[in-house]
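Heads up: the structure comes next, in structure tokens.
The values are calculated or read from the model by the stated rules, or taken from the named source; none is laboratory data. Everything numeric in this text was worked out from a predicted model, so none of it was measured. Every residue, glycine among them, receives a Cβ derived from its backbone with ideal geometry; neighbour counts consider all protein chains shown. Note: accessible area is taken over every heavy atom of the protein model, side chains too, but ligands, DNA and RNA are not part of it. Shrake-Rupley method; radii C 1.70, N 1.55, O 1.52, S 1.80 Å.
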Amino acid sequence: MRARELGRKSVVVGDRVSLVGDTSGAAGALARIVRIAERRSVLRRTADDDETTAEGRLERVVVANADQLVIVNALADPPPRTGFIDRCLVAAYDAGIEPLLCLTKADLAGPEQVLGYYAELELPYVLIRPDSDLDALRALLAGRVSVLVGHSGVGKSTLVNRLVPDASRAVGTVSAIGRGRHTSTSAVALRLPAVGADGDPGWIVDTPGVRSFGLAHVSAESLLHGFSDLVEATVDCPPNCPHTAEAADCALDAWVAAGRADPRRLASYRRLLASRSGEGDPREPERNPGDPLAGS
Ligand SMILES: Nc1nc2c(ncn2[C@@H]2O[C@H](COP(=O)(O)OP(=O)(O)OP(=O)(O)O)[C@@H](O)[C@H]2O)c(=O)[nH]1
Ligand SMILES: [Mg+2]
């Protein structure tokens, strides 16, 4: 239990805490959390993008002290959403956490379209199918705390159960419209099993599926840092350039016209900017125009 001296400070998954009392872990043992260690990183999200609404201001800490953000996207059922991946890249940069793209259900569809979109980024990725060997993923998880984020039904808990055989995380079904049913309802950190005799295998945090990864807490300037293929161009922008499509002389247009970045990435960045000011498509904010439609 939490000690009263912690006040309103909340304890989140990933926190390192000091305990007093009976720390044996035996049935009926009671220990108190008396201190939360300073957090090395904090991954946050908001319910939506608009900081002028109550939902937008409602900021949630997803996990503390994570080193790696594993962005889980299914290649089908539900269809991939590069807009979601782009948002996660922004959140990872903002939190100082390294991203890893994890494309699941590779038995149902190919990764070419998604990987093509990220061709200019040095974004590490893994492909997962039900029978795939997980050694490459285990090597990337070793020695660090990794948090899985993704829409409901993309296969986060299925993957955790394969990585941690006694995890027993419940897994759900995906409805006809390609949405999961929010099977997992709370985040859980699990220690990965040891691989061989040497080294720390790391920890994995399974989280409940999110409907959208809101970024109201990220400043417009930081938003751009999630787009490492675009950020360099803006040294040539006029002072205080808003980088929107309407902005006169925004250097991003020339950068893309010169073939130095993919125009789809610029369009995605501008969709994010628009979404923050309450424009954009509220039904599917994370679907970029090139992404497949739901149900296909
Ligand atoms: N074909 C295929 N199906 C998969 C794969 N991974 C997971 N699934 C299926 O996808 C469904 C949803 O998987 P879950 O692991 O519950 O998804 P989740 O991301 O944990 O979902 P929430 O807890 O709701 O956020 C289950 O029916 C899984 O069997 C895969 O690689 N290929
Ligand atoms: Mg789950």
remark   = Taking Cα atoms only, Rg over Rh for the chain with Rh from the Kirkwood formula is 0.99
inquiry  = Can you order the peptides 25-31, 57-63 by their average number of other Cβ atoms within 10 Å per residue, highest first?
reply    = 57-63, 25-31
key: FRET efficiency estimate (nearest 0.05) - Cβ-Cβ, Ser228 to Asp131, R0 30 angstrom   = 0.35
query = How big is the charge dipole of the range 161-296 about its Cα centre, in debye rounded to the nearest 20, if each Lys and Arg gets +1 on its Cβ and each Asp and Glu gets -1 on its Cβ?
reply = 680
ask   = Treating the beta-carbon of each Lys and Arg as +1 and of each Asp and Glu as -1, no other charges, what is the dipole magnitude of the range 104-228 about its Cα centre, to the nearest 20 debye?
value = 600
request  = Could you tell me the distance between the Cα centroids of the range 1-74 and the range 167-246, to the nearest Å?
outcome  = 17
task = Quick one: divide the alpha-carbon radius of gyration of the range 26-95 by 2.2 N^0.38 Å and tell me what you get.
result = 1.51
ask   = Pick from Val149, Val11, Val218: which residue has the top mean-square fluctuation in a GNM of the chain where Cα pairs under 10 Å get a spring?
value = Val11
task = State the extension gain, in nm to one decimal, for the chain segment bounded by Ala254 and Met1, taking 0.36 nm per residue of separation less the distance between their alpha-carbons.
result = 85.4 nm
request  = Report the FRET efficiency, 1/(1 + (r/R0)^6), for Arg35 and Ser186, where r is their Cβ-Cβ distance and R0 is 25 Å, rounded to 0.05.
outcome  = 0.60
inquiry  = Counting heavy atoms of the protein chains only and a 1.4 Å probe, report the per residue accessible area for the range 137-279 as a whole number of Å².
reply    = 48
note = Here the cysteines of the chain lacking a cysteine partner under 4.7 Å (Cβ to Cβ) are Cys88, Cys102, Cys250
Residues whose placed amide H lies under 5 Å from that of Cys237, excluding near-sequence neighbours = Ala251
ask   = When the distances between all Cα atoms of the range 206-296 are binned every 10 Å from zero, what whole-number percent does each bin get?
value = 15, 45, 30, 9, 1
task = Summarise the accessible area of the chain (1.4 Å probe, protein heavy atoms) by the percent that is carbon and sulfur.
result = 51
inquiry  = Show log10 I(q)/I(0) for the range 1-130 at q = 0.09, 0.11, 0.15, 0.17 Å⁻¹, two decimals, from a solvent-free Debye sum over equal Cα scatterers.
reply    = -0.41, -0.58, -0.86, -0.97
remark   = Rh (Kirkwood, all Cα-Cα pairs) for the range 84-154, Å, reads 13.4
Distance histogram in 10 Å bins (all Cα pairs of the range 133-279, percent per bin) = 10, 28, 22, 24, 14, 2
key: Percentage relative contact order, the range 171-296, counting C-alpha pairs under 8 Å, at least six apart   = 18
query = Going through the range 208-268, which trypsin sites (Lys or Arg not before Pro) have at most 15 other Cβ atoms within 10 Å and a DSSP loop state?
reply = Arg211, Arg260
ask   = Roughly speaking, what is the stretch gain from Arg60 to Ala27, that is 0.36 nm per residue apart minus the C-alpha to C-alpha distance, in nm to one decimal?
value = 8.7 nm
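Pop out the Kirkwood hydrodynamic radius of the range 172-223 from its pairwise C-alpha distances, inverse of mean 1/r, in Å to one decimal.
Result for the range 172-223, one decimal place: 14.6 Å.
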